[in-house]
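The values are calculated or read from the model by the stated rules, or taken from the named source; none is laboratory data. This structure is a prediction, so every number in the text was calculated from the model and none was measured. Ideal geometry is used to build each Cβ from the backbone, glycine not excepted, and the neighbour counts take in all protein chains shown.
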Amino acid sequence: MRGYVLSRCGQAVPVLFGVTLITFLLTHVALGDPVRAMMGQRADPEVVARIRAEYGLDKPLWHRYALYMGKLLVGDLGYSYRQGRPVSATLAERLPATARLAVAAMVVALVLGMTAGIVAAVRHNTGVDLLMMTLSLLGISTPVFWLGMMLILLFAVSLGWFPISGYGDGAFGHLVLPALTLGALQAGYIARMTRSALLEVLRQEYVRTARAKGLKERVVILKHGLRNGILPILTLAGIGLGDLLVGAPLTETVFAWPGLGRLLVAAVGNRDLPVVLGATLLFALIFLAANLIVDLVYALVDPRVRLTE
Amino acid sequence: MRNGSLLTVQDLRTHFFTGEGVVRAVDGVTLSVRPGETLGLVGESGCGKTVTALSILRLVPDPPGRIVGGTICFDGRDLLRLPEEEMRSIRGCAISMIFQEPMTSLNPVFTVGEQVAEGIRHHQKVSRREAWDRAVEVLRRVKIPDPARRAYEYPHQLSGGLRQRVMIAMALALGPRLLIADEPTTALDVTIQAQIIELLTGLQEEMQMAVILITHDLGVIAETADRVVVMYAGRVVEEASAEQLFETPLHPYTQGLLESLPKLEAGKRHRRLTAIPGLIPNLLDLPTGCKFAPRCPKVVGDCWPTEPDLREVRPGHWARCILA
């Protein structure tokens, strides 16, 4: 077990290296000149050149990458061009809000998705099934920003049940709408996966054995059925965490949520390259960690899975 | 004939409503089991043996299957009229079932101890600890070596024979009065088969329970059954005591089954096996008369227009054939 975790962490190193390389190249090529973005087009060329030299932007790309990596290896993510603060400090400040949002969205996705999926599987081929699957399709196909605004309109503006936006110092009411918005897509996927996984499992002979024992249908489905059907759902949730991170910038922007996503959006707008790089790297790290956790949970859920290096 | 029975199935009809039409998997089956006796239920695959068994426990998958007619009397109560909740209290308690494939019939993600204990806990409302202890006791009873340790193992860690012993333990945990064993040895090695049959018959005597033994293996029937019901195309075609059946089979189908058994006779080492010609009929498209007529070596003109009734040809020996 420990060997497995260590080897998986080792495998993460080249992945993270690749992430830095690609992000570095893309941001430097595609985002354009950060100094121009800061100073405007009519700035004094001398000043521009001085600032560029100060930030090391006058050096060739490979040289800058080497410098960046050299610092990264000792844990230095550099300084934000905009704020002049260490990127690591900014990230650390923003991470809790995003983590809260992502976890809440995942809870929403799992609870709504699995409930809908179970109901659809149990009422297979009925109107209820059709309704659940239509709802899940809506969840999957509705754009995050649009859903967010509609939820604000309905629940915040018209009904006044929840605040319109903002973090609210971590108050629960502020979390509800963003979590629903961000979780809807995953809930849709999870509902469909739960339904098909459960339908597959309920055909198995051990389910008949469980019924032959005289167990209640609820126990048959939730214990014998779901426990076996949960592996593909877990996999999906692991991958889904990646989608949550992708969705976070949009959701956070709609709800003025002070998280990493909004930080990233703002940083891209400001051509704040160290922050863009740092946030991307952190997203990649979270994604890898989530997948590792899913694989570890696999072994807990299914005794037939043996973790080998 | 049906007096003093523990279980009486009368004119049971279980049909499957499929896209291609109605499959009459069980069509008018009547049989009975007395307390403590072993009833052999014999026939080729697809003749309705398993569906009959599942109907008794009301476990026929619905849809597409449905019990459309008949009565199933167990201990004076018609199981088909019981509310689902009462039916559940009978399943796994008064009537249990063992399935053919011990690999796929056990849940892969729970320990075998848990799978045995679960039923005990559910039916008798005892504590987890006590249910577990009793489960270990039952595992010991089905002669699983070192049961206290084995109870913590998962199905994939056990051999086929041990898995089937776990299935048996699960079925017998609450001392059922009727055990339905559906091809309990088919998936096992020959040497293990004999052990499992021996275990079953031993436990049956000990626990005084009735057994419906479903099999296509006439050898197993000869060793264990008191009475035998032969099924063909969803119907009973012959019923007799085991002795009568093996000595003087009346229905040509039963005769065919017996002749297709390999025999060891001195001096006749290379005798070819006799097979019943043709295939089991398509249940969607059965002949109007005797269902076996198309494959029957003794078929006559009268076999075709109407289906013969199940008649008592000799005391206790019934056959569905005009020639019997």
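The residues on offer are A:Tyr167, A:Tyr189, and the sole one that is in the same structural domain as A:Val119 (by TED's automatic domain parsing), surrounded by 13 or more Cβ atoms within 10 Å (Cβ to Cβ) and in contact with a Pro (Cβ under 7 Å, 6 or more places away or on another chain) is A:Tyr167. When A:Met69 is tested against the conditions (1) touching a residue at least 12 places away in the same chain (Cβ under 8 Å); (2) over 26 Å from A:Leu288 (Cβ atoms), the lone failure is (2). Inside the stretch A:81-94, residues that are at pLDDT below 85 and assigned to a helix (DSSP H, G or I) make up a count of 0.
Figure legend. Inter-residue proximity from the stretch A:105-124: first residues not assigned by TED's automatic domain parsing to the domain that holds A:Leu231, second residues modelled with pLDDT of 95 or more, beta-carbon distance below 9 Å, spacing 6+ or different chains. No pairs are indicated.
Scanning the stretch A:25-80 for residues that are in a loop (DSSP other than H, G, I, E, B) and either in contact with a strand residue (DSSP E or B) (Cβ under 6 Å, 6 or more places away or on another chain) or β-branched (Val, Ile, Thr) (or both) turns up just one, A:Val74.
The helices (runs of 4 or more DSSP H) found wholly in the stretch B:176-282 and carrying at least 1 residues that are at negative phi, charged (D, E, K, R) and touching a residue at least 24 places away in the same chain (Cβ under 8 Å) occupy B:218-224.
Residues in the stretch B:13-22: is at least one within 14 Å of chain A (Cβ to nearest Cβ), in a loop (DSSP other than H, G, I, E, B), farther than 13 Å from B:Val229 by Cβ and touching a residue at least 40 places away in the same chain (Cβ under 8 Å)? Checking the stretch B:13-22: not a single residue is within 14 Å of chain A (Cβ to nearest Cβ), in a loop (DSSP other than H, G, I, E, B), farther than 13 Å from B:Val229 by Cβ and touching a residue at least 40 places away in the same chain (Cβ under 8 Å). Across the stretch B:61-89, what is the number of residues that are more than 7 Å from chain A (Cβ to nearest Cβ) and closer than 22 Å to A:Leu202 by Cα? Of the residues in the stretch B:61-89, 10 are more than 7 Å from chain A (Cβ to nearest Cβ) and closer than 22 Å to A:Leu202 by Cα. Among the residues of the stretch A:125-142 satisfying the criterion of being of a type in the set (A, V, I, L, M) and without any contact (Cβ under 8 Å) to a residue 60 or more places away in the chain, which is surrounded by the most Cβ atoms within 10 Å (Cβ to Cβ)? Within the stretch A:125-142, the match that is surrounded by the most Cβ atoms within 10 Å (Cβ to Cβ) is A:Leu135.
Of all residues in the stretch B:97-118, those being more than 7 Å from chain A (Cβ to nearest Cβ) and touching a residue at least 60 places away in the same chain (Cβ under 8 Å) number 4. The residue of the stretch A:287-303 that is farthest from the other protein chains (Cβ to nearest Cβ), among those that are farther than 11 Å from A:Leu231 by Cα and free of Cβ contacts under 8 Å to residues at least 60 places away in the same chain, is A:Phe287.
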